[in-house]
Amino acid sequence: MKKSTSCCFIAISLLSASVQAAGASLLESPFFTDSQAELSLKNYWKYLKEDAANPKEVHNAWGQGLALGYQSGYLADTIGVNLDYYSAVKLGASDYFNTRGVLYNNGPGNNKHNAAGYSKIGQRYIKLKGDVGGAALNAQGGWQTLRNYGVISNSTRLSPTTYLGWSGGVAGAGLALRGAYVERSMDRNSPDSLRLQTNDGRYINHLASGELAYENKMFNGQLAYGESQGYLRRQILRLAYKPDENLSLGSQIYTTQALDDYKEMALSKRNFDRHANHYALDAKWQEPLWSVKLGVAHTRAPKGDGELGFYPRHMSKNSRGTFTSMAYAGEDYMRDGETMLAALAEYRFTPEFTAGLAGNVGQFSYQGAAVRTGEINVFGRWVPSHPTLKNLTVFAMAGPGWSYKNVNKTPVLVDGHYQTSHSLSAEFIAEYRFKLF
């Protein structure tokens, strides 16, 4: 009996030592030693006053956000995890606050009393990597953010849009092939897990996309394809050419086709009838202290029964679409037949402070009337170099705009002429980021 008990104690001791050694080895592995954690504090205010569809509406939202991100290293140089926690606190809101995408709309309608903060683990995914014949492989599975990933993208206010699904790719010798498959999303201002939907509220099973890209010192190009199942199909060609260190040229072509579930919707729920295309060109000149970027774009999105068509940036409700044209400004500058000109100029006054002007102007024809829209904004960005504030970025922008009076986004004509509407927009962001380890 004593001999048996002694053997048992010896076995337990050996097992305990093995577990402790394995635990110590795991803690010393790159999974933990290469881990990183970052804390971000962001104050965000976004404002719009406009009278396009009503006498006057003020869209105002102000919140304080916190983001805590953790990225592990890789176990066996193969597998790791990422976790990101986000929270937001309401500081102020008006009616129609939800159009600003800053605060959670916790109730029906768009009443200011519905404005609320939120908290969520917006990203939580397993990541994999590998190497085959010199080509780098990667894959992610779980809740993740996807920026310009084929036809899928995100948007960020106090937190980013995130998706539930898989993504991954392979890259080598300047070539890259990647794809994504997603089924649910969490919006930039919400903790809710939502299914993808059509404009009339029917569920879409999934959104899938792929992309082939090539890049070298002078050229960068991407060809993307994607489909929200049975709803919309899209192709995107994006090209960038840099003939010298100062000049950059770019072009984007976006084509979208309606599928059966889209065609079945009522006309009032559709952005266009059968096809919608957007074409864009841009050029940027960069000097050490200043830069100027110019762009031109044209949209075709026919829609019947006298209604005005739009190119839809997004592949469904509750998702975001890749769109890097300088026409990026809500639905503005992407109306059927609209041609847009854009300009962005900035100057670095000091190593810490940069300021500039941004402007857009567009024109399209509706029932014989030439309708013009536009806006101009002045902006400033301060990135202090003092050691105490070196992780702080402060950005502010404000300016007026003009558009047209409308009903359901379609111009209201009086004696064959449109009625001008006016707007004033403003934005303020202060973000402080620092690494915890």
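The values are calculated or read from the model by the stated rules, or taken from the named source; none is laboratory data. This one's a predicted model, so the numbers in the text were calculated from it and none came from an experiment. Counting neighbours? That spans all protein chains shown, and the Cβs are built from the backbone with ideal geometry, glycine included. When the accessible area is computed, the model is the full protein with side chains, heavy atoms only, and any ligands, DNA or RNA have been set aside. Shrake-Rupley method; radii C 1.70, N 1.55, O 1.52, S 1.80 Å.
Each residue was assigned an accessible area with a 1.4 Å probe, and for Trp285 the value is about 90 Å². Calculated accessible area for the chain comes out at 51 Å² per residue, all protein chains present (probe 1.4 Å; ligands, DNA, RNA ignored). As an exercise, find the ratio Rg/Rh for region 42-100 from alpha-carbon atoms, using the Kirkwood inverse-distance average for Rh. Here Rg/Rh amounts to 1.32.
Applying 1/(1 + (r/R0)^6) with r as the Cβ-Cβ distance of Asn205 and Thr156 and R0 = 41 angstrom yields a FRET efficiency of 0.95. Taking the longest Cα principal axis of the chain as reference, the axis of helix 2-27 is set at about 30 degrees. Contact order, relative form, for the chain: 12 percent (alpha carbon pairs under 8 Å, 6 or more residues apart, mean separation divided by residue count).
Label-to-label distance, Gln257 versus Tyr214, with points set 7 angstrom from Cα along the beta-carbon direction: 2.5 nm. Place a point 7 Å from the Cα of Ile79 along the Cα-to-Cβ direction; which residues of region 114-151 have their backbone N under 15 Å from it? Correct set: 125-130, 139-142. Annotation for Ser268 and Thr339: the two label points, set 7 Å from Cα along the Cα-Cβ direction, are 3.5 nm apart. Counting only protein heavy atoms and a probe of 1.4 Å, the accessible surface of the chain is 60% carbon and sulfur.
Remark on the chain: hydrodynamic radius 24.5 angstrom, per the Kirkwood mean of 1/r across alpha carbon pairs. Site pair Leu289 and Leu424 shows an inter-label distance of 3.3 nm when each label is modelled 7 Å from Cα along Cα→Cβ. In plain terms, the C-alpha convex hull of region 335-437 casts an average shadow of 9.4 nm² when viewed from every direction. Using C-alpha pairs under 8 Å with a sequence gap of at least 6, the mean separation divided by the residue count of region 267-318 gives a relative contact order of 40 percent. Looking at region 222-273, what % of the alpha carbon pairs are farther apart than 13 Å? Value for region 222-273: 66 percent of Cα pairs lie more than 13 Å apart. Sorting 404-411, 209-216 by their mean Cβ neighbour count within 10 Å, with the most densely packed peptide first, gives 209-216, 404-411.
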